[in-house]
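Engineer: Input: one structure, supplied below.
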Amino acid sequence: MGEASVFKNIVRTGWVSSVNAADRTARVTFKDMGKTFVSGPLKVIKNPPFIPAAGVVQATEEKSGGSGDAAFASHKHNVTIAPWLPSPGDYVLCLYIPTGDGDGFVIGGI
């Protein structure tokens, strides 16, 4: 088996068919050489720089006023920041461990 063939089996692109948010896994549909197949559950890589500290509620700054426009009451909006998970239909890049057992990861969207 040539190097290009090995690389093709390690790095793959496909479309997410389903997501298990609790397990942080996704199944991906691949279309290779006229064949279509769905992967087993692939772990989705976390992206920690975008995750707030545990238990911290993220919120926008409190705003009020209305210079020139009608005044509005002071308020704020809660914002939830969570690790990225793909959605069904997303086109993703996957990385397989070259052991032949189908273990791999979704490493990001394309």
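The values are calculated or read from the model by the stated rules, or taken from the named source; none is laboratory data. Values in this document were obtained by computation on a predicted structure and should not be read as measured data. FYI the Cβ positions are ideal-geometry reconstructions off the backbone, even for glycines, and counts take in every protein chain you see.
Engineer: Can you pull out every residue in the range 2-36 that is of a type in the set (Phe, Trp, Tyr) and at pLDDT below 90?
Structural biologist: Phe7
Engineer: If you scan the range 22-47, which residues turn out to be of a type in the set (A, V, I, L, M, F, W, C) and either within 12 Å of Val106 (Cβ to Cβ) or surrounded by 11 or more Cβ atoms within 10 Å (Cβ to Cβ) (or both)?
Structural biologist: Selection gives Ala26, Val28, Phe30, Val38, Leu42, Val44, Ile45.
Engineer: Show the residue pairs meeting these rules: Cβ distance below 6 Å; 6+ apart or different chains; first residue within the range 84-100 and in a loop (DSSP other than H, G, I, E, B); second residue surrounded by 15 or more Cβ atoms within 10 Å (Cβ to Cβ) and not β-branched (Val, Ile, Thr).
Structural biologist: Listed pairs, sorted by first residue: Pro86/Ala26.
Engineer: Separate question: Out of (1) modelled with pLDDT under 90; (2) out of contact with any Lys or Arg (no Cβ under 9 Å at 6 or more places or on another chain); (3) within 17 Å of Val11 (Cβ to Cβ); (4) surrounded by 10 or more Cβ atoms within 10 Å (Cβ to Cβ), the odd one out for Phe50 is which?
Structural biologist: (3)
Engineer: Restricting to the range 15-33, count the residues that are in a loop (DSSP other than H, G, I, E, B) and either in contact with an Asp or Glu (Cβ under 8 Å, 6 or more places away or on another chain) or touching a residue at least 12 places away in the same chain (Cβ under 8 Å) (or both).
Structural biologist: 3
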